[in-house]
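The values are calculated or read from the model by the stated rules, or taken from the named source; none is laboratory data. These figures come from a predicted structure and were not determined experimentally. Note that each Cβ is placed from the backbone with ideal geometry, even for glycine, and that neighbours are counted across all protein chains shown.
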Amino acid sequence: MPLIIETLVIGAGPAGLTAAYTLSKAGHDVVVLEADPVYVGGISRTASYKGFLFDIGGHRFFSKSREIVDLWNEILPDDFIERPRLSRIYYGGKFYSYPLKAFEALRNLGVLQSAACVASFGWAKLFPVRNPKTFHQWVRNNFGERLFSIFFKTYTEKVWGMDCDDISADWAAQRIKGLDLFAAVMDGLRRSLGLNRGKGGAKSLIESFRYPRRGPGMMWDAAARKIRGFGGKIEMDRAVCGLARDEETGLWTVTARDAAGVVQTYVARRVISSAPIRDLMRAIKPAPISQLHARELKYRDFLTVVLIGRSDIVLPDNWVYIHDPSVKVGRVQNFRSWSPEMLPDEASTCLGLEYFCFEGDGLWTSSDEDLAELAKKEIAKIGLMRAEDVVDATVVRQPKAYPVYDEDYASHVTTIRREIALRYPELHLVGRNGMHKYNNQDHAMMTGLLTALNILAGETLYDVWQVNEDAEYGEQGPSGAQEALASVRMVPRRAA
Ligand SMILES: Cc1cc2nc3c(=O)[nH]c(=O)nc-3n(C[C@H](O)[C@H](O)[C@H](O)COP(=O)(O)OP(=O)(O)OC[C@H]3O[C@@H](n4cnc5c(N)ncnc54)[C@H](O)[C@@H]3O)c2cc1C
């Protein structure tokens, strides 16, 4: 029989590594199994290609939680840089500052369109849709039909692959909470008049962010090194495919497969899982009763076409939201603006064109060559780089980038949680897909941290499911419009 591991962690993303870091630092025996053969960091990894570095998305390091910021500084004390933030929206052949600047928006939209926006806002306020059920109705009630169609509809539909009439109003209320039109207009006016500099406050005002100089992967490589230094183990190329709990001893037998198909077996007292709930529940044998619910959980996938070249078009933005319906690309990342160290030389340009898709759909299954051609055509159309200036391209696919919040997801997750709490007390769910929570690194880390603290204490001090319950922060949305402050707090259960 293999040695008994105290805690086995599934996944070396932010959640899994934070749990392993906290446990191993306290001298606790911990083994992390990671499916990826090369990268730690999960969705927050930094991929590399011929010396060019890029994120899956673009990962700002921002947290309201002192504990998480302290952890970042502890793990990566010397490598953070402060970056100016600039992002714009591309719509109808024009660029709009994001967050919006009132006079610029007025100029771009023109007097007539602006007046129509105001009128449709007034109309929506006078005649709201009663009990709004859909995303469309909710946004229309709060911003008016005209603004909905310009700043919410196309981008939201690109991101979720669903019609705004099929997305629930609850989701809008949660993601856009805190952003009211009056505040946005006042903020836009202040921006136009240059009165916003140096102010803290609402997240939409944040004009710079912290970033590891060679991308977020730097954080997770450092975390992995430290975990190993504390005596913890991280095994790469180990995709967990089976879990079975011995009813008598309570021990878990965990099997993991490598790329060659070889299966390894581990025995552990407890398991922390950051794997997608759907995969985890499928791996548990005998099948949990709530496996049927897990099968209903849905995900949105994501791919980046990285275009490398030499371009004389000046692009100051970190990223640009592409609301224009005439192209499929949803967002363009400009990696030099994130950090000059993301590129191997000073002359190259490296842009990441982000496409939201479903695993197996036309975009996902297109060849890399076809995707590069599409991206070249679209970037030229938007005017951010000429097609002939592109000299190389690569594609990175990210399955399950977003857990989908459809009408039923919450009740499925509740049923699964209940069964796990009852039947598998030593199985802990953490992280984004691990808890089916649309959260950021800091939230994912907080769930890992609190789980580790509970384990070290030998009792449930913290309710991990409270993390992000009232969060108002998302890395995107209607142009990331609802970038309110993250609300991650360590709430002891007894005090809560
Ligand atoms: C486009 C985009 C932009 C984002 N921007 C930001 C941002 O600006 N700031 C921010 O803070 N956050 C951002 N995020 C969110 C951030 O990426 C996630 O919150 C974070 O990576 C979640 O960490 P995690 O450990 O829960 O999950 P993941 O990052 O998904 O890591 C899970 C790990 O588990 C592994 N795994 C899965 N299944 C198995 C298995 N069966 N066996 C073994 N290993 C397995 C995976 O390979 C992966 O390494 C962004 C996300 C996206 C998609």
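Starting from the range 416-436, take each residue that is farther than 14 Å from Val467 by Cβ and list its partners that are hydroxyl-bearing (Ser, Thr, Tyr), counting only C-beta distances under 7 angstrom and pairs at least six apart or across chains.
Short answer, once both residue conditions are applied: Ile416/Ser290; Glu419/Ser290; Leu427/Ser273.
Quick one: in the range 46-60, which of the residues that are more than 7 Å from the ligand (Cβ to nearest atom) and part of a loop (DSSP other than H, G, I, E, B) is surrounded by the fewest Cβ atoms within 10 Å (Cβ to Cβ)?
If we take residues in the range 46-60 being more than 7 Å from the ligand (Cβ to nearest atom) and part of a loop (DSSP other than H, G, I, E, B), then Lys50 is surrounded by the fewest Cβ atoms within 10 Å (Cβ to Cβ).
Only one residue in Ser87, Ser63 is in contact (Cβ under 8 Å) with a residue 40 or more places away in the chain, within 14 Å of the ligand (Cβ to nearest atom) and outside the structural domain of Gly261 (by TED's automatic domain parsing), so which one is that?
Ser87
So if I check each of Thr255, Thr265, Thr249, which one is touching a Gly at 6+ places or on another chain (Cβ under 8 Å), closer than 18 Å to Glu426 by Cβ and among the β-branched types (Val, Ile, Thr)?
Testing whether each residue is touching a Gly at 6+ places or on another chain (Cβ under 8 Å), closer than 18 Å to Glu426 by Cβ and among the β-branched types (Val, Ile, Thr) leaves just Thr255.
Please enumerate the residues belonging to the range 66-84 that are in contact (Cβ under 8 Å) with a residue 60 or more places away in the chain and either more than 12 Å from the ligand (Cβ to nearest atom) or surrounded by fewer than 17 Cβ atoms within 10 Å (Cβ to Cβ) (or both).
Of everything in the range 66-84, those that are in contact (Cβ under 8 Å) with a residue 60 or more places away in the chain and either more than 12 Å from the ligand (Cβ to nearest atom) or surrounded by fewer than 17 Cβ atoms within 10 Å (Cβ to Cβ) (or both) turn out to be Glu67, Leu71, Ile75, Leu76, Asp79, Phe80, Ile81, Glu82, Pro84.
Considering the range 285-300 alone, what residues qualify as being touching a strand residue (DSSP E or B) at 6+ places or on another chain (Cβ under 9 Å) and closer than 14 Å to Gly434 by Cβ?
Leu297, Tyr299
Could you tell me whether any residue of the range 301-309 is among the charged types (D, E, K, R) and under 23 Å from Gly362 (Cα atoms)?
Yes, that holds for at least one residue.
I'm trying to understand the selection: among the residues of the range 437-460, which are within 12 Å of the ligand (Cβ to nearest atom) and touching a His at 6+ places or on another chain (Cβ under 8 Å)?
Matches in the range 437-460: Lys437, Gln441, Thr451.
Which condition breaks for Val395 when tested against (1) at pLDDT 90 or above; (2) outside the structural domain of Arg270 (by TED's automatic domain parsing); (3) within 13 Å of the ligand (Cβ to nearest atom)?
All conditions are met except number (3).
Hey, could you check the range 86-103 for residues that are modelled with pLDDT under 85 and not small (Gly, Ala, Ser) and say which is farthest from Ile322 (Cα to Cα)?
That would be Phe103.
Scan the range 115-159 residue by residue and report those that are buried (at least 21 other Cβ atoms within 10 Å of the Cβ), touching a Ser or Thr at 6+ places or on another chain (Cβ under 8 Å) and either acidic (Asp, Glu) or free of Cβ contacts under 8 Å to residues at least 60 places away in the same chain (or both).
Phe135, Gly144, Arg146, Leu147
May I ask you to say which residue of Arg228, Arg210 is over 26 Å from the mean Cα position of the chain (by Cα), more than 26 Å from Thr415 (Cβ to Cβ) and not in a loop (DSSP other than H, G, I, E, B)?
Arg228
Go over the candidates Ala380, Ala401 one by one and state the one that is of a type in the set (Gly, Ala, Ser), under 29 Å from Asp166 (Cβ atoms) and touching a helix residue (DSSP H, G or I) at 6+ places or on another chain (Cβ under 8 Å).
Ala401
Can you say whether Phe95 is surrounded by fewer than 23 Cβ atoms within 10 Å (Cβ to Cβ), in contact with a Lys or Arg (Cβ under 6 Å, 6 or more places away or on another chain) and touching a residue at least 40 places away in the same chain (Cβ under 8 Å), as far as the supplied structure shows?
Judged against the criteria, Phe95 is a match.
Residues to consider are Ala105, Ala20, Ala15; find the one that is among the small types (Gly, Ala, Ser) and outside the structural domain of Trp220 (by TED's automatic domain parsing).
When all the criteria are applied, what remains is Ala105.
I need every pair where a residue in the range 353-370 that is assigned to a strand (DSSP E or B) has its Cβ under 7 Å from the Cβ of a residue that is of a type in the set (D, E, K, R), sequence separation at least 6 or different chains.
Matching pairs, first to second residue: Leu353/Glu378; Glu354/Arg331; Tyr355/Lys328; Phe356/Lys158; Phe356/Arg300; Cys357/Asp301.
Look through Arg331, Arg310 and report the one residue that is basic (Lys, Arg), within 25 Å of Trp160 (Cα to Cα) and either at pLDDT below 95 or in contact with a strand residue (DSSP E or B) (Cβ under 6 Å, 6 or more places away or on another chain) (or both).
Answer to the check: Arg331.
Based on this model, can you work out whether Arg66 counts as at pLDDT below 95 and basic (Lys, Arg)?
Here the answer is yes, as Arg66 does meet what is asked.
Do we have Ala35 as over 24 Å from Leu243 (Cβ atoms), in contact with a strand residue (DSSP E or B) (Cβ under 6 Å, 6 or more places away or on another chain) and either outside any helix (DSSP H, G or I) or away from the ligand (no atom under 11 Å from the Cβ) (or both) here?
No: the conditions fail for Ala35.
Inspect all residues belonging to the range 380-388 and state whether any of them is at pLDDT 95 or above and within 16 Å of the ligand (Cβ to nearest atom).
no
Step by step: first the residues of the range 211-226, then only those that are among the small types (Gly, Ala, Ser) and in contact with a Ser or Thr (Cβ under 9 Å, 6 or more places away or on another chain), then the one that is surrounded by the fewest Cβ atoms within 10 Å (Cβ to Cβ). Which residue is that?
Step by step, filter the range 211-226, then rank; the result is Gly217.
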